[in-house]
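Just below is one structure, and these are the notes that go with it.
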There are 2 protein chains.
Amino acid sequence: MTVEEDRSGLHAYQIVLRHIEAGILSGEHRAGDQLPTERDLATQLSVSRSAVREAMRVLQTQGLITSSTGPGRGTRIAPARGDALARLFQLHLSLSTAADADLTETRIALERSSAALAAQRATPEALLRLQAVVDQSELVEAIDQFNALDTDLHVLIARVGSADLTADLTVGLREAVRERIRTLSQALPDWPGHRAQLLAEHRQIIEAITNRDATAAANLVEQHIRRAYRTLGITPEDHRTH
Amino acid sequence: MTVEEDRSGLHAYQIVLRHIEAGILSGEHRAGDQLPTERDLATQLSVSRSAVREAMRVLQTQGLITSSTGPGRGTRIAPARGDALARLFQLHLSLSTAADADLTETRIALERSSAALAAQRATPEALLRLQAVVDQSELVEAIDQFNALDTDLHVLIARVGSADLTADLTVGLREAVRERIRTLSQALPDWPGHRAQLLAEHRQIIEAITNRDATAAANLVEQHIRRAYRTLGITPEDHRTH
């Protein structure tokens, strides 16, 4: 790997990265702001244009900048993109040695909050959409398709509560365990029974949200996650935290 | 910016990125695994070596791989690094248009969980460390230093509960609002009064953790965050969710 380091031990592209990141963190760069050209940044920071380009690749992948060509082209600071954050979160979780218990508690914390907010804020249209996902999953028997709708429901609950940040983190957490849940679900001696139980719990959660009962919605989501994980054999310990 | 796209509209470096990321998500690449050389990856994926190098910069910045030179050198899949995740989280929050209410609810959800877990799991040594941070902050009057110790305490509570994932997310959330909290604290008509209130609340939280009262610890943390944010003028709405 080409090494191009300055005296502080930083690669040239890292100098560019730190410069742009510092601007974002200080609030100097805001979403939509145009960045200087590759040439200007290279001159300003005394690095090669290829170092600037490498830094831009990094920032682009992180969802922090967007580049466009054509009239009005250039590189701009992006509005925060939940999908980029959720993806990186998911990649880190895939490599994480975090105990299952840690992941489970984080998931429960976020989803309790989502469910409570959904009970407080869901519009009549949003309630219909939640109901539609549960109705749809009632018709699905296959593990993969059912799991996909299960994920959709949990994410939709977070979105309905206008908690985008929580929703993005929820997506990352669920995607990170998707494959594991699929494998464990396939190994269950009684998938139809587990599926029926999940459906019943989903209906109770949606009912609590529809009834505007934030406390019940939060408690039901927590019980649902703990029960499902126990059945699947995830998290042997049961730390009740609420 | 150099454009080097294949027919699917992907840049060459993105082809490399997707390849490595897919390996991580599928579990094929695990922490510590050595990656093929730059040359082999370039051949395998039919891209230039500079495209491979750009992808490696991205993965390195995201904390997903580490490179080392010298004997046993090479590029390996990294163990998940909370600091890389927390930093990206913080960058996204800096650009986020997420309403304050959204950030606050996420913070409360995570910190309720941390406090409850700390009450259940803190060792005697951990309790002493928590106490020491509060004692230290008792001696500090200056806003910046007090705020730094305040952050330390909240992060330590999460670490003490062995909830590393929650702790990393807590760090990201707090760092993202640090500057804002500093500015608002400086503008307070009665900083000494606010500081005294924060200290009293911190003592109550540590007491609940020491008494192994998970429910009280969670409730006190929530009240503490809501009260502080109200005083600072963050989040006009008060959605109680628990």
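From the list B:157, B:143, B:205, pick out the single residue that is buried (at least 16 other Cβ atoms within 10 Å of the Cβ), within 23 Å of residue B:105 (Cβ to Cβ), more than 14 Å from every other protein chain (Cβ to nearest Cβ) and among the β-branched types (Val, Ile, Thr).
B:205
Among the residues of region A:147-158, are any at negative phi, in a loop (DSSP other than H, G, I, E, B) and either aliphatic (A, V, I, L, M) or touching a Leu at 6+ places or on another chain (Cβ under 7 Å) (or both)?
no
Would you confirm whether or not region A:87-106 contains a residue that is assigned to a helix (DSSP H, G or I) and either outside the structural domain of residue A:170 (by TED's automatic domain parsing) or modelled with pLDDT of 90 or more (or both)?
Within region A:87-106 (the criterion being assigned to a helix (DSSP H, G or I) and either outside the structural domain of residue A:170 (by TED's automatic domain parsing) or modelled with pLDDT of 90 or more (or both)), the answer is no, since none of the residues qualifies.
Within the set of pairs 6 or more residues apart or between chains, which connect a residue that is under 12 Å from residue A:170 (Cβ atoms) inside region A:109-126 to a residue that is at pLDDT 90 or above and surrounded by fewer than 24 Cβ atoms within 10 Å (Cβ to Cβ) with Cβ atoms less than 7 Å apart?
Taking only residues 6 or more apart or on different chains, the pairs are A:111/A:225; A:112/A:222.
To keep it simple, each residue is scored yes or no on (1) basic (Lys, Arg); (2) in contact (Cβ under 8 Å) with a residue 60 or more places away in the chain; (3) outside any helix (DSSP H, G or I).
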| site | (1), (2), (3) |
| --- | --- |
| A:185 | no, no, no |
| A:196 | no, no, no |
| A:201 | no, no, no |
| A:225 | no, yes, no |
| A:230 | yes, no, no |
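So if I check each of A:31, A:22, A:78, which one is under 29 Å from the mean Cα position of the chain (by Cα) and either farther than 26 Å from residue B:10 by Cα or loosely packed, with under 15 Cβ neighbours inside 10 Å (or both)?
Being under 29 Å from the mean Cα position of the chain (by Cα) and either farther than 26 Å from residue B:10 by Cα or loosely packed, with under 15 Cβ neighbours inside 10 Å (or both) holds for just one of A:31, A:22, A:78, which is A:22.
Of everything in region B:34-55 that's β-branched (Val, Ile, Thr) and more than 11 Å from chain A (Cβ to nearest Cβ), which residue is surrounded by the most Cβ atoms within 10 Å (Cβ to Cβ)?
B:47
Quick one: would you say residue A:174 is more than 9 Å from chain B (Cβ to nearest Cβ) and either in contact (Cβ under 8 Å) with a residue 24 or more places away in the chain or basic (Lys, Arg) (or both)?
Yes: the conditions hold for residue A:174.
Go through (1) closer than 30 Å to residue A:117 by Cβ; (2) more than 8 Å from chain A (Cβ to nearest Cβ); (3) at pLDDT 85 or above one by one and return the number of the condition residue B:112 breaks.
Just one mismatch for residue B:112, condition (2).
Out of (1) at pLDDT below 90; (2) out of contact with any helix residue (DSSP H, G or I) (no Cβ under 6 Å at 6 or more places or on another chain), the odd one out for residue A:124 is which?
Tallying (1) at pLDDT below 90; (2) out of contact with any helix residue (DSSP H, G or I) (no Cβ under 6 Å at 6 or more places or on another chain), residue A:124 fails exactly one: (1).
How many of the residues making up region B:228-242 are loosely packed, with under 15 Cβ neighbours inside 10 Å and at pLDDT 90 or above?
1
Taking the options B:219, B:211, name whichever one is surrounded by 15 or more Cβ atoms within 10 Å (Cβ to Cβ) and within 29 Å of residue B:123 (Cβ to Cβ).
Result: B:219 is the single residue among B:219, B:211 that is surrounded by 15 or more Cβ atoms within 10 Å (Cβ to Cβ) and within 29 Å of residue B:123 (Cβ to Cβ).
With the checklist (1) under 24 Å from the mean Cα position of the chain (by Cα); (2) over 24 Å from residue B:86 (Cβ atoms); (3) among the aliphatic types (A, V, I, L, M) in hand, flag the one item residue B:143 doesn't pass.
(2)
Among the residues of region B:27-34, is any closer than 20 Å to residue A:172 by Cα and in the same structural domain as residue B:218 (by TED's automatic domain parsing)?
no
Looking at region B:44-65, can you tell me whether even one residue there is modelled with pLDDT under 90 and farther than 21 Å from residue A:54 by Cβ?
Checked against the condition, which is being modelled with pLDDT under 90 and farther than 21 Å from residue A:54 by Cβ, region B:44-65 yields no hits at all.
When you go through B:215, B:170 one by one, which is the residue that is in a helix (DSSP H, G or I), touching a Ser or Thr at 6+ places or on another chain (Cβ under 9 Å), of a type in the set (Val, Ile, Thr) and at pLDDT 95 or above?
Testing whether each residue is in a helix (DSSP H, G or I), touching a Ser or Thr at 6+ places or on another chain (Cβ under 9 Å), of a type in the set (Val, Ile, Thr) and at pLDDT 95 or above leaves just B:215.
Pick from region A:120-140 the residues that are among the polar types (S, T, N, Q) and surrounded by 11 or more Cβ atoms within 10 Å (Cβ to Cβ): which of them is nearest to residue A:211 (Cα to Cα)?
A:120
The values are calculated or read from the model by the stated rules, or taken from the named source; none is laboratory data. This structure is a prediction, so every number in the text was calculated from the model and none was measured. Ideal geometry is used to build each Cβ from the backbone, glycine not excepted, and the neighbour counts take in all protein chains shown.
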